[in-house]
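Undergrad: Got a structure for you, questions after.
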Ligand code: UDP
Ligand code: MG
């Protein structure tokens, strides 16, 4: 084996994954800063820049950085897919023992890398998430973020995290190879990791800088979408493999309630008829229609459960389990 291919085979200590979209000004500074920290601490490393379809000169800058330093690598999407697909692609390529993700806009500091590395390799964490305790973002972002994190803590059951969406995170290599980040799910990577069985999730207070160049790529719609994604994750995590347990229960309950109330409307009419009291058509009573609608919705929910089961049965992952060890 030649020396170069030997070097290529060796697993570096750290892979830094940097998703980026139109960040040409920040890249050279970021690359230099990362290289300096790695050199000062004697880490072997690789940086994977994932260019998410930038329309500025970012890819040209990355190509030059790769020529300059063999530790740098680049992946270029043909169009803009979003931060989650960029991270997922970076995760697939990452070879390091510890994988660190970092935004490209210089808001996250590479000086945090050594401590994050130590927490993963020595303290035994699967995942360590940064916590921007002191943020340099506008209030319109920091207040909804607090609310968002409180909900995420409650729903995911990861009670010790204050900042789910921090771009700076460190993972044990196995974690990134066993989670799939898609859509806009980068906000919930700790929850994805927990759902995949990685429970040792820690947090580290990190320095945060104001954006130096360019502008943020996410608007206020991040909070609406964020909540919808959280609902999806909660639902698929809990009932994804057994949809009937949700729809069937709800559907049966509604059907029974509707049936009993329809029967009561009918029985009441019969009673009035035979006791000689004044009576009217059942269709004159609003309760009749309410009962009917409840029964119909109950049936629909039950059917949704059946269809859900058919879909789940066809999933290629229906019998996919994460086995940690065998002896
Ligand atoms: N980003 C990306 N694809 C996108 C949007 C953003 O790769 O479609 C990158 C962006 O270049 C940055 C990181 O994701 O490196 C975080 O984005 P940003 O700084 O805009 O988010 P904020 O700090 O405002 O949460
Ligand atoms: Mg940013």
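Undergrad: Return a yes/no flag: does the stretch 173-183 have any residue that is within 16 Å of ligand 2 (Cβ to nearest atom), outside any strand (DSSP E or B) and buried (at least 19 other Cβ atoms within 10 Å of the Cβ).
TA: No, the stretch 173-183 has no match at all.
Undergrad: Based on what the data block shows, is residue 287 in contact with a helix residue (DSSP H, G or I) (Cβ under 8 Å, 6 or more places away or on another chain) and either under 26 Å from residue 260 (Cα atoms) or modelled with pLDDT of 90 or more (or both)?
TA: Yes; evaluated as a whole, the condition is true for this residue.
Undergrad: Which condition from (1) more than 21 Å from residue 128 (Cα to Cα); (2) over 24 Å from the mean Cα position of the chain (by Cα) is the one that residue 45 breaks?
TA: Residue 45 satisfies every listed condition except (1).
Undergrad: Answer yes or no: is there a residue in the stretch 269-276 that is exposed (fewer than 12 other Cβ atoms within 10 Å of the Cβ) and modelled with pLDDT under 90.
TA: Checked against the condition, which is being exposed (fewer than 12 other Cβ atoms within 10 Å of the Cβ) and modelled with pLDDT under 90, the stretch 269-276 yields at least one hit.
Undergrad: A follow-up question, please. Let me confirm something: among 147, 253, which residue is away from ligand 1 (no atom under 16 Å from the Cβ), farther than 24 Å from residue 115 by Cβ and either in contact (Cβ under 8 Å) with a residue 24 or more places away in the chain or assigned to a helix (DSSP H, G or I) (or both)?
TA: 253
Here is a yes/no grid of residues against (1) farther than 30 Å from residue 55 by Cα; (2) more than 15 Å from ligand 2 (Cβ to nearest atom):
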{"position": "72", "(1), (2)": "no, yes"}
{"position": "82", "(1), (2)": "no, no"}
{"position": "95", "(1), (2)": "no, yes"}
{"position": "122", "(1), (2)": "yes, yes"}
{"position": "127", "(1), (2)": "yes, yes"}
{"position": "152", "(1), (2)": "yes, yes"}
{"position": "166", "(1), (2)": "no, no"}
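Undergrad: Of everything in the stretch 76-109 that's away from ligand 1 (no atom under 11 Å from the Cβ) and under 14 Å from residue 21 (Cβ atoms), which residue is surrounded by the fewest Cβ atoms within 10 Å (Cβ to Cβ)?
TA: Applying the filter and picking the extreme gives 78.
Undergrad: Regarding the stretch 268-277, can at least one residue be identified that is more than 16 Å from ligand 2 (Cβ to nearest atom), more than 30 Å from residue 119 (Cβ to Cβ) and in contact with a helix residue (DSSP H, G or I) (Cβ under 7 Å, 6 or more places away or on another chain)?
TA: Yes, the conditions are met somewhere in the stretch 268-277.
Undergrad: For a quick check of your reading of the model, give me the residue pairs whose first member lies in the stretch 214-232 and is more than 14 Å from residue 141 (Cα to Cα), whose second is in a helix (DSSP H, G or I) and within 15 Å of ligand 2 (Cβ to nearest atom), with beta-carbon atoms closer than 9 Å and at least 6 apart or on different chains.
TA: What qualifies is 225/187; 229/187; 230/187.
Undergrad: Can you find, within the stretch 191-227, the residue that is farthest from ligand 2 (Cβ to nearest atom) among those that are part of a loop (DSSP other than H, G, I, E, B) and touching a strand residue (DSSP E or B) at 6+ places or on another chain (Cβ under 9 Å)?
TA: Looking at the filtered set, the residue picked out is 200.
Undergrad: Among residues belonging to the stretch 207-230 that are in contact with a helix residue (DSSP H, G or I) (Cβ under 8 Å, 6 or more places away or on another chain) and away from ligand 1 (no atom under 13 Å from the Cβ), point out the one that is farthest from residue 121 (Cα to Cα).
TA: 227
Undergrad: Enumerate the pairs (first residue in the stretch 301-327 and in a loop (DSSP other than H, G, I, E, B); second residue anywhere and surrounded by 10 or more Cβ atoms within 10 Å (Cβ to Cβ)) with beta-carbon separation below 8 Å, excluding pairs fewer than 6 apart on the same chain, so at least 6 apart or on different chains.
TA: Cβ pairs passing all conditions: 318/241; 318/312; 322/178; 322/196; 322/197; 324/197.
The values are calculated or read from the model by the stated rules, or taken from the named source; none is laboratory data. These numbers were taken from a predicted model, which means no experiment stands behind them. For neighbour counting, all protein chains shown are included, and Cβ atoms are generated from backbone atoms with ideal geometry for every residue, glycine included.
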